[in-house]
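Here is the structure we will look at.
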Amino acid sequence: MALDNISLGQRIRTARRRRGISQMDLAKLIFTSPPYISYIENGTKGMSMETFVLIANALNVSADELLYDCLENTIKATNHKFASLVMDCSEYETRILMEILIAAKRALRENRMLY
């Protein structure tokens with residue numbers, strides 16, 4: 001799969017906002033300019049591997065979490081994303097979500113030939 005700079009930039013923006021960090025603060029953390037962070041987040045410009053690693057470390061996210069749509073093996077990233085979705089759920093919510101997931105998985109497998 002090819003690298004999608006727009007999707008990558010959107011995930012970087014989401015991670016940055018989730019951490020409550022401004023573009024200016026991120027730029028300072030990785031020794032670059034705020035406009036460059038904006039270019040990255042909008043997918044206008046790519047970045048070096050060094051910049052990518054600095055961003056991932058500054059935002060405390062894994063590289064596979066940022067690149068999951070470009071990687072063939074994304075089990076770790078998907079598991080992490082799923083775990084973060086249910087992390088703040090009550091026991092009741094977790095149980096209901098698990099039942100929904102089991103039913104959805106069963107339906108997908110039973111109707112595989114329709115897709």
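Counting only DSSP H runs of at least 4 residues, each contributing -39500 (n - 2.57), and dividing by the residue count of the chain, the helix-based mean residue ellipticity at 222 nm comes to -20500 deg cm²/dmol.
So if R0 is 22 Å, what FRET efficiency would THR51 and ARG18 give, r being the distance between their Cβ atoms, rounded to the nearest 0.05? Efficiency computed from Cβ-Cβ geometry: 0.65. Candidate cross-link partners of LYS45 among the aspartates and glutamates, defined by an alpha-carbon separation under 17 Å and a same-chain spacing of 8 or more, comprise ASP4. Taking LYS28 as the anchor, which aspartates and glutamates have their alpha carbon closer than 17 Å to its alpha carbon, excluding any fewer than eight residues away along the same chain? Those aspartates and glutamates meeting the cut-off are GLU41, GLU50.
Taking the fewest neighbouring Cβ atoms within 10 Å as the starting point, the ordered list for ARG17, ARG106 is ARG106, ARG17. Put a dot 7 Å past the Cα of LEU101, heading toward its Cβ, do the same for LEU114, and the two dots end up 2.3 nm apart. For the peptides 57-65, 35-43, the ranking by mean Cβ contacts within 10 Å, running from highest to lowest, is 35-43, 57-65.
Placing pseudo-labels 7 Å out from each Cα toward the beta carbon at HIS80 and LYS28 gives an inter-label distance of 2.6 nm. Each distinct pair of alpha carbons in the chain adds a 1/r term; the inverse of their mean, the Kirkwood radius, is 16.1 Å.
Read-outs throughout are calculated quantities, based only on the coordinates presented, and are distinct from any laboratory measurement. Worth saying up front: this structure is predicted, and the values here are computed from it rather than measured. Virtual Cβ from ideal backbone geometry, glycine too; neighbours counted across all protein chains shown.
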